[in-house]
Amino acid sequence: MPAQALIITSACIVFALGTLHLIYTFFSRKLHPYDPALTKHMQQVTLRITRETTLWRAWIGFNASHSLGAMLFGLVYGELAWAHAPLLFGDPLLLGSGLLFLAALLLLARRYWFRIPLFAIAIALVFYLTGAALPTD
């Protein structure tokens with residue numbers, strides 16, 4: 001039971017981060033540049049890969065899909081730990097995939113983001129690792 005609770009807690013942290021990020025993406029200006037001229041320029045410039053979208057639309061889309069990925073992780077791993085613990089804890093691929101996902105988020109947070117998500121993801125990773133390492137009966 002403690003192992004399940006730790007994985008669920010980890011999943012809830014990641015789900016909360018994803019949800020907050022999605023809210024920031026669509027319902028706030030927190031992910032907008034301070035310089036309005038930069039926002040305007042991003043809305044006009046297309047990408048080399050295609051002229052069908054602008055840098056601004058790609059920025060919003062990347063942020064939204066990033067949020068959805070974190071939310072999906074939280075839902076799937078929370079559900080697995082809650083309702084299908086023998087499946088999760090008995091499958092090294094599932095446990096390892098969750099670990100790799102969180103480790104990758106931690107590396108991205110350290111390299112590209114800021115302290116709050118870095119700290120929250122580090123805590124989620126510690127909970128996940130501890131839960132995965134505990135014996136399950």
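Data table
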read-out	value
Residue in the range 36-43 that is touching a strand residue (DSSP E or B) at 6+ places or on another chain (Cβ under 9 Å), farther than 20 Å from residue 134 by Cβ and modelled with pLDDT of 95 or more present	yes
Selection within the range 16-42 - surrounded by 13 or more Cβ atoms within 10 Å (Cβ to Cβ) and either in contact (Cβ under 8 Å) with a residue 40 or more places away in the chain or within 22 Å of residue 73 (Cα to Cα) (or both)	16, 17, 18, 19, 20, 21, 22, 24, 25
Filter result (free of Cβ contacts under 8 Å to residues at least 24 places away in the same chain and either acidic (Asp, Glu) or touching a Leu at 6+ places or on another chain (Cβ under 7 Å) (or both)) within the range 102-117	103, 106, 109, 110
Criterion violated by residue 50 - all others in (1) among the polar types (S, T, N, Q); (2) within 20 Å of residue 97 (Cβ to Cβ); (3) at pLDDT below 95 satisfied	(2)
Residues satisfying the stated conditions in the range 31-84, i.e. aliphatic (A, V, I, L, M) and in a loop (DSSP other than H, G, I, E, B)	31, 45, 47, 49
Residue in the range 88-121 that is farthest from residue 31 (Cα to Cα), counting only those that are surrounded by 11 or more Cβ atoms within 10 Å (Cβ to Cβ), more than 15 Å from the chain's Cα centre (by Cα) and of a type outside the set (D, E, K, R)	90
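The values are calculated or read from the model by the stated rules, or taken from the named source; none is laboratory data. The structure displayed is predicted, hence computed values, not measured ones. Glycine also receives a Cβ, built like all others from the backbone with ideal geometry; neighbour counts cover every protein chain displayed.
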